[in-house]
């Protein structure tokens, strides 16, 4: 403990706006929100092969509730916003570690692989942000519905409200099946793996990534999904340390953080 009654780790100038400093000095901050996290109620068995080829099947099964050995499914616990907020308040952006009373800890690539089943070897995930005309035009051509919403991305309520994308018909042709698969990827990638601060929106680069995966569903891919998820989560934690306004959000893969905790 040094001058001002603050712990040494909260004395650097960088931390003047850190949530941890403000709480220590008596300011009342509410919990961060996880408003972009979505649930997957069902995982169509016909998606298993393309998800396996993409390296996403173990994680997708877990998000849908992994089957138990003796019937039923094991539901994932709801996101605990208070728990995640407590982790943010212990996060150090300079070292990418949590500073607990007993020492430092960090989420590692090994943790990601063990907890989520996402591959940590392979090509880096690099996705460019398409122009507004590109991704909106693509959605209109692909699904036959014009999207006139915000440029921030596809509204999740709009995605879920597409009547033609209820349960995929058992006699669906390949094109219809892949349309359903692509919408599923919007939720898996944009609403779970890479939660964002744009609200309930699938951001344009996720739309582009889902389009790529759905257009090559049976070709093996070698993306290091685990590395991308961990990097996004680190960035989300760093950003969240500076969020002190009411209804502020936390981003990244929040299920990963909760499982790790």
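All of the numbers you see were taken from the coordinates with simple rules; none came from a lab. All of these numbers come straight from a predicted model, not from anything done at the bench. Note that we place each Cβ from the backbone using ideal geometry, even for glycine, and neighbour counts take in every protein chain shown.
When the Debye formula is applied to the Cα atoms of segment 32-261, each taken as the same point scatterer, what base-10 log of I(q)/I(0) results at q = 0.09, 0.17 Å⁻¹?
-0.38, -1.34
If segment 73-199 were replaced by its equivalent ellipsoid, with semi-axes equal to the square roots of 5 times the Cα gyration tensor eigenvalues, what would those be, largest first, whole Å?
Equivalent ellipsoid of segment 73-199: 35, 19, 16 Å, largest first.
Which residues in segment 178-203 have a backbone N closer than 16 Å to a point placed 7 Å from the Cα of residue 150 along the Cα-to-Cβ line?
Answer for segment 178-203: 191, 195-203.
With label points built 7 Å along Cα→Cβ from the Cα atoms of residue 242 and residue 143, find their separation and express it in nm.
3.3 nm
Send over the Kirkwood Rh of segment 137-261, from the inverse of the averaged 1/r over different Cα pairs, rounded to one decimal Å.
About 15.9 Å for segment 137-261.
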